[in-house]
1. May I ask you to list the residues in the stretch 15-41 that are open to solvent by 50 Å² or more (accessible area, probe 1.4 Å) and over 19 Å from residue 153 (Cα atoms)?
2. Out of (1) free of Cβ contacts under 8 Å to residues at least 40 places away in the same chain; (2) more than 24 Å from residue 45 (Cβ to Cβ), the odd one out for residue 125 is which?
3. I want to confirm something. Restricting to the stretch 18-34 and keeping residues that are at pLDDT below 90 and in contact with a strand residue (DSSP E or B) (Cβ under 8 Å, 6 or more places away or on another chain), which single residue is nearest to residue 99 (Cα to Cα)?
4. Please identify the pairs in which a residue from the stretch 22-39 that is more than 20 Å from residue 165 (Cα to Cα) and in contact (Cβ under 8 Å) with a residue 40 or more places away in the chain has its Cβ atom under 9 Å from the Cβ atom of a residue that is in a loop (DSSP other than H, G, I, E, B) and among the polar types (S, T, N, Q), counting only partners at least 6 apart or on another chain.
5. Yes or no: the stretch 173-181 includes at least one residue that is open to solvent by 40 Å² or more (accessible area, probe 1.4 Å), touching a helix residue (DSSP H, G or I) at 6+ places or on another chain (Cβ under 9 Å) and on the phi > 0 side of the Ramachandran plot.
6. (1) of a type in the set (Gly, Ala, Ser); (2) surrounded by 16 or more Cβ atoms within 10 Å (Cβ to Cβ); (3) within 30 Å of residue 13 (Cβ to Cβ): which one isn't true of residue 96, the others all being true?
7. Would you point out which residue out of 78, 59 is of a type in the set (Val, Ile, Thr), open to solvent by 40 Å² or more (accessible area, probe 1.4 Å) and outside any loop (DSSP other than H, G, I, E, B)?
Amino acid sequence: MMKFLSRIVFWISGWSLNIGWPSDLKKAVLIAIPHTSNWDILYARAAFFLMDIPVRFTIKKEVMVGPLGWLIKSLGGIAIDRKRIPGGRKQTYTEAMVNMLKESDELVIMVTPEGTRSYAPKWKSGFYHIALGADVPIVIGYLDYKKKEAGIGPIIYPNGNMDEQMEEMKAFGRTVTGKYPEKGIR
């Protein structure tokens, strides 16, 4: 049903796909860039349904209740339980996602590295630490509003040189146009 609705969204809006997902890639952190509008989730989610990429996103477990929880789950939401770990402290979201990836045979977690729809001069680094800690690649998913194209960009294998690799990802991000370009990657 979601794939059918996604086809309608892309057909009506005139968007196209640039599919570049390796068929043997089962686990990854997918960064969705640039994130400048609430419309991004509609096109990104539709694109991933059409590409048959089982993208998931995380949300606090407290939100995943009742009808809203069922809707969020059907769109790919997975609850994060920040349970207490040995030592009595709560695990961080990063630790929870690393553990989910390590324990799963197939899991692609989507993150927006800017952490906001506004211009962000510095990206959040949690996605990098998640990929490094879980030993999975970072895949760049993008929306180019100028071309009306959704697709998969480079695949980055974290090597610990975070600043250099983040700049590589941002360089790619500068080649695509967000809905509000002034809020995009500079």
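The values are calculated or read from the model by the stated rules, or taken from the named source; none is laboratory data. Nothing here was measured: the structure is a model prediction, and the numbers come from that model. Using ideal geometry, Cβ is built from the backbone for each residue, glycine included, and neighbour counts are taken over all protein chains shown. Protein only, heavy atoms only, side chains kept; ligands, DNA and RNA dropped before computing areas. Shrake-Rupley method; radii C 1.70, N 1.55, O 1.52, S 1.80 Å.
1. 38, 39
2. For residue 125, the failing item is (1).
3. Out of the qualifying residues, it is 32.
4. Sorted first by the residue in the stretch 22-39, then by its partner, the pairs are 26/104; 36/118.
5. no
6. Exception for residue 96: condition (3).
7. Answer to the check: 59.
Conditions tested, residue by residue: (1) modelled with pLDDT under 85; (2) touching a Phe, Trp or Tyr at 6+ places or on another chain (Cβ under 7 Å).
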| residue | (1), (2) |
| --- | --- |
| 36 | yes, yes |
| 40 | yes, no |
| 43 | no, yes |
| 49 | no, no |
| 55 | no, yes |
| 63 | yes, no |
